[in-house]
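The structure appears below as structure tokens.
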Amino acid sequence: MRSDKVLDATGLSCPMPVVRAKKAIDTLSTGQILEVHASDKGAVKDIPSWAKASGHELIEQKEENGCYKFWIKKG
């Protein structure tokens, strides 16, 4: 899947993946896609919850070898 910006938040513990994702998505224009990589299991719930509460759209989410990946469309 294409993305306009990739954020590597691996190695960071909660709540830092969400904090970094917010800062990263603020630099994008409406409709652009942020790809977030995280290793913290808490991100599986935290990133989708934050995206929905912030008015963004979680397009896809998957796990590959302990890395959780999220594609978020800025609302």
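The values are calculated or read from the model by the stated rules, or taken from the named source; none is laboratory data. Given the structure is predicted, the values throughout are model-derived calculations rather than measurements. Heads up, the Cβs are rebuilt from the backbone with ideal geometry, glycines too, and the neighbour counts pull from every protein chain shown. These accessible areas exclude ligands, DNA and RNA; they are computed on the full protein's heavy atoms, side chains included. Shrake-Rupley method; radii C 1.70, N 1.55, O 1.52, S 1.80 Å.
Each peptide in 46-55, 32-41, 1-10 receives the mean, over its residues, of other Cβ atoms within 10 Å, and ordering these scores from highest gives 32-41, 46-55, 1-10.
Given Cβ point charges of +1 (Lys, Arg) and -1 (Asp, Glu) and nothing else, what value in debye, to the nearest 20, does the dipole of the chain about its Cα centre take?
Details: 12 positive and 10 negative charges, 34 e Å.
Once rounded to the nearest 20, the dipole reads 160 debye.
Heavy atoms only, probe 1.4 Å: what % of the accessible area of the chain goes to carbon and sulfur, would you let me know? Of all accessible area on the chain, carbon and sulfur atoms account for 49 percent.
What shape does the range 31-75 take by its C-alpha gyration tensor, where a ≥ b ≥ c are the square roots of the eigenvalues and a/c under 1.5 counts as rounded, a/b above b/c as prolate, and the rest as oblate? Verdict is oblate for the range 31-75.
Spin-label model, residue 12/residue 59: points 7 Å from Cα along the beta carbon direction are separated by 2.0 nm. Against the chain, whose longest principal axis is taken from its Cα atoms, helix 43-53 shows a tilt of about 20°.
Do the alpha carbons of any pairs in 23/73; 41/74; 22/69; 23/62 sit beyond 18 Å of each other, and which pairs? It would help to have the intermediate numbers written out before the result.
Numbers: 23/73 14 Å; 41/74 23 Å; 22/69 15 Å; 23/62 22 Å.
Going by Cα-Cα distance, 41/74; 23/62 fall outside the 18 Å limit.
One decimal place: the segment residue 30-residue 67 gains 10.7 nm when fully extended, by the rule 0.36 nm per residue minus the C-alpha distance. DSSP assigns beta bridges within the chain; of those with both partners inside it, close to 70 percent run antiparallel. Net charge in the neighbourhood of residue 60 (other residues with Cβ under 14 Å of its Cβ; Lys, Arg +1, Asp, Glu -1) is 0.
Taking every protein chain into account, the accessible area of the chain amounts to 57 square angstrom per residue (probe 1.4 Å).
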